[in-house]
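**Q** Quick one: structure below, then a few questions.
The values are calculated or read from the model by the stated rules, or taken from the named source; none is laboratory data. Note that this is a predicted model, so its numbers are computed, not measured. For neighbour counting, all protein chains shown are included, and Cβ atoms are generated from backbone atoms with ideal geometry for every residue, glycine included. Ligands, DNA and RNA are stripped out before the accessible areas are found, and what is left, the full protein with its side chains, is counted by its heavy atoms. Shrake-Rupley method; radii C 1.70, N 1.55, O 1.52, S 1.80 Å.
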Amino acid sequence: MQAFMNRIARTAILAAGCALAAAALAQAPKTGWQWAAGGQGSINANAALAASQTIRQAGFEVYAVNSGGTIDSLLTLSRGEYDFANVDTPTLRKVWTGTGGFQQIKGFSQVLTGFTTFFFIVVPESSAIKTVADLVGKTINGHTPGAVINLWNQDYVQALGQTGVVRPGSIKISQIALSQAVDALLDGRSSAQVGYTFSGKLPDWVDQATARGIKLRVLRMPEPVNKLLISKGWQSDDSLDVAEVKKIDATLQANEYRTNGITTVIVARQNLGDDVVHKFLTAFFADVGKIGATHPANLVYKEGPAYGVKFLTDDLPVHPGAMRFYRERNVLRPTLSSTPK
């Protein structure tokens, strides 16, 4: 019996040792370049995780990791913990200049533009809210804290007050998870909801509302409000995304509606080698069909390198390795530079 028990003990110890070895292997740091993709579950992170697998197949060792939101990604990039990071355009501008309540962070350069996201306000079709002026005393829901939707919602509500559409401070903002967005509209926790598109796709909660027979209506964006938001760094709209919003509200006319949003931009550490960034982009665009098939947000790259440079901002530096890549592909805009402005 004792010999039998000793054999069991030895087997258990061996199994435990194997498990620890496997765990150590799984947690071992990867050799290659690290890509701070964003918060877990975000569109940015999922798209980057999917793309990184295809990039590795092209021979470039890059690993996308969940890293929190935009600010977390930039902070870790500035500390040298990551090599690439996903950033949205309004935050990109604000952290570079240290404005809008953001900490100033530099030491990074633009590499590649990603998908665009445009925002709009919806209410139930049966709602008494007919125009944005009717939002006085009401609550607009964005998303959970830290999401860029909330940043837009805050700027939007502020712009309504600054342009005289409503009294400043007369609209409340809530941060209810998007999984509860429809229920929040129905039970009164919110009166309006921020919607968005990305790469011609509406959020899942819009589909949930449709499946439940709930019709939604899009509130028109006053042009002075739209212009003010664009002056704050939000991207001007795209006709394809406006056409997508019309699927929610058929009465919406593309030529009468304007909105704004963000573009995702991939940046790199300023001191990351030029050859590294050049090889990253070469691997990224080696097969745009394969990249596009990895995630809906990556479908934008079907245009090839011309899309990669499309939304890079003129007032921020482009990494020299990226400048070289886009110049070789004859798509570099003359207004872009690797010198900070």
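**Q** How many angstrom lie between the C-alpha centres of region 309-327 and region 217-269?
**A** Using only Cα atoms, the two centres lie 24 Å from each other.
**Q** Is region 84-125 rounded, prolate or oblate when judged by the Cα gyration tensor, a ≥ b ≥ c being the square roots of its eigenvalues, rounded requiring a/c under 1.5 and prolate requiring a/b larger than b/c?
**A** Details: a/c = 4.41, a/b = 1.70, b/c = 2.59.
Oblate.
**Q** Would you be so kind as to identify which of Val87, Val132, Val242 lies farthest towards the positive end of the dipole of the chain, taking Lys and Arg as +1 and Asp and Glu as -1 on Cβ and the Cα centre as origin?
**A** It is Val87.
**Q** Got a sec to turn the phi values of region 70-80 into Karplus ³J(HN,Hα) couplings, 6.51 cos²θ - 1.76 cosθ + 1.60 with θ = phi - 60°, whole Hz, x for Gly and Pro?
**A** With coefficients 6.51, -1.76 and 1.60, one gets 4, 5, 4, 4, 5, 5, 5, 5, 5, 7, x Hz.
**Q** Taking just the alpha-carbon atoms of region 178-271, what radius of gyration and Dmax come out, in angstrom?
**A** Cα-based Rg and Dmax for region 178-271 come out at 15.3, 53 Å.
**Q** To check you understand DSSP bridge types, tell me what percent of the beta bridges within the chain (both residues inside) are antiparallel, rounded to 5.
**A** Working: 26 of 39 bridges.
Percentage antiparallel, nearest 5: 65.
**Q** Now a separate question. Calculate the translational D of region 302-341 in whole µm² s⁻¹ from Stokes-Einstein, where the hydrodynamic radius comes from the Kirkwood formula applied to all Cα pairs, the temperature is 4 °C and the viscosity 1.567 mPa s. Please report the intermediate quantities before stating the final value.
**A** Numbers: Rh = 10.1 Å.
So the translational diffusion coefficient is about 128 µm²/s.
**Q** What are the semi-axes of the equivalent ellipsoid of region 276-331, taken as the square roots of 5 times the eigenvalues of the Cα gyration tensor, listed largest first and rounded to whole Å? The partial results should precede the final answer.
**A** Details: eigenvalues 77, 34, 18 Å².
Ellipsoid semi-axes (Å, largest first): 20, 13, 10.
**Q** Next question, about the same structure. Ordered by residue, what ³J(HN,Hα) values in Hz, to whole numbers, does region 182-198 give under the Karplus form 6.51 cos²θ - 1.76 cosθ + 1.60, where θ = phi - 60° and Gly and Pro are x?
**A** 5, 4, 5, 5, 6, 9, x, 5, 9, 9, 8, 10, 6, x, 7, 10, 8
**Q** Additional query: Could you rank the peptides 176-186, 66-76 by their average count of other C-beta atoms within 10 Å per residue, with the highest value first? Kindly include the intermediate steps, with their values, before the conclusion.
**A** Details: 176-186: 17.4, 66-76: 21.1.
The packing order, highest mean first, is 66-76, 176-186.
**Q** May I pose another question? What angle, in degrees between 0 and 90 and rounded to the nearest 10, separates the Cα long axis of helix 2-27 from the longest principal axis of the Cα atoms of the chain?
**A** 50 degrees
**Q** With +1 on each Lys and Arg Cβ and -1 on each Asp and Glu Cβ, how big is the dipole of the chain about its Cα centre, in debye rounded to the nearest 20? Intermediate values should be presented prior to the final figure.
**A** On the way: 33 positive and 26 negative charges, 57 e Å.
The calculated dipole for the chain is roughly 280 debye.
**Q** Mind checking which of Asp187, Asp155, Asp314 has the largest fluctuation in a GNM of the chain, springs on alpha carbons under 10 Å?
**A** Among Asp187, Asp155, Asp314, the largest mean-square fluctuation in the Gaussian network model of the chain belongs to Asp187.
**Q** Picking from Leu49, Val148, Phe115, whose Cα lies most toward the positive end of the charge dipole for region 45-152 (charges on Cβ: Lys, Arg +1; Asp, Glu -1)?
**A** Sorting the options by dipole projection puts first Val148.
**Q** Right, another one. Of Lys246, Lys310, which has the most accessible area and how do the rest follow, probe 1.4 Å?
**A** Numbers: Lys246 70, Lys310 95 Å².
Reading off the accessible areas and sorting them downward yields Lys310, Lys246.
**Q** Can you work out the Karplus-derived ³J(HN,Hα) for every residue in region 60-66? Use 6.51 cos²θ - 1.76 cosθ + 1.60 with θ = phi - 60°, whole Hz, and x for glycine or proline.
**A** With coefficients 6.51, -1.76 and 1.60, one gets 10, 7, 10, 10, 7, 10, 5 Hz.
**Q** Which whole-number percent is the relative contact order of the chain (Cα, under 8 Å, 6+ apart)?
**A** Details: 594 pairs, mean separation 74.8, N = 341.
Result for the chain is 22 percent.
**Q** So, one more: Rounded to the nearest 10 Å², what accessible area does Lys106 have for a 1.4 Å probe in the complete protein model?
**A** Lys106 exposes around 100 Å² with every protein chain in place.
**Q** Amide H to amide H, which residues 5 or more places from Tyr82 or on other chains are under 5 Å from it, using H placed in the peptide plane?
**A** Leu77
**Q** Give me, ordered by chain and number, the residues 5 or more places off Ser338 or on other chains with an amide H under 5 Å from its own placed amide H.
**A** Val318
**Q** Quick one: which residues, 5+ away or cross-chain, put their amide H under 5 Å from the amide H of Thr259? H built at 1.01 Å from N.
**A** Close amide H contacts, sequence-distant or interchain: Asp237.
**Q** Now a separate question. Just to compare against my own numbers: the Cα pair-distance distribution for region 210-320, 10 Å bins, whole % per bin, please.
**A** 11, 31, 31, 19, 8, 0
**Q** Then there's this: What's the angle, to the nearest 10 degrees (0 to 90), between helix 274-284's Cα axis and the longest principal axis of the chain?
**A** 80 degrees
**Q** Which of Pro305, Thr339, Val225 sits farthest toward the positive end of the charge dipole of the chain, with +1 on the Cβ of Lys and Arg and -1 on the Cβ of Asp and Glu?
**A** Sorting the options by dipole projection puts first Thr339.
**Q** If I compute solvent accessible area with a 1.4 Å probe over the protein chains, what percent of it on the chain is carbon and sulfur?
**A** On the way: 8560 of 15660 Å².
Here it works out to 55 percent.
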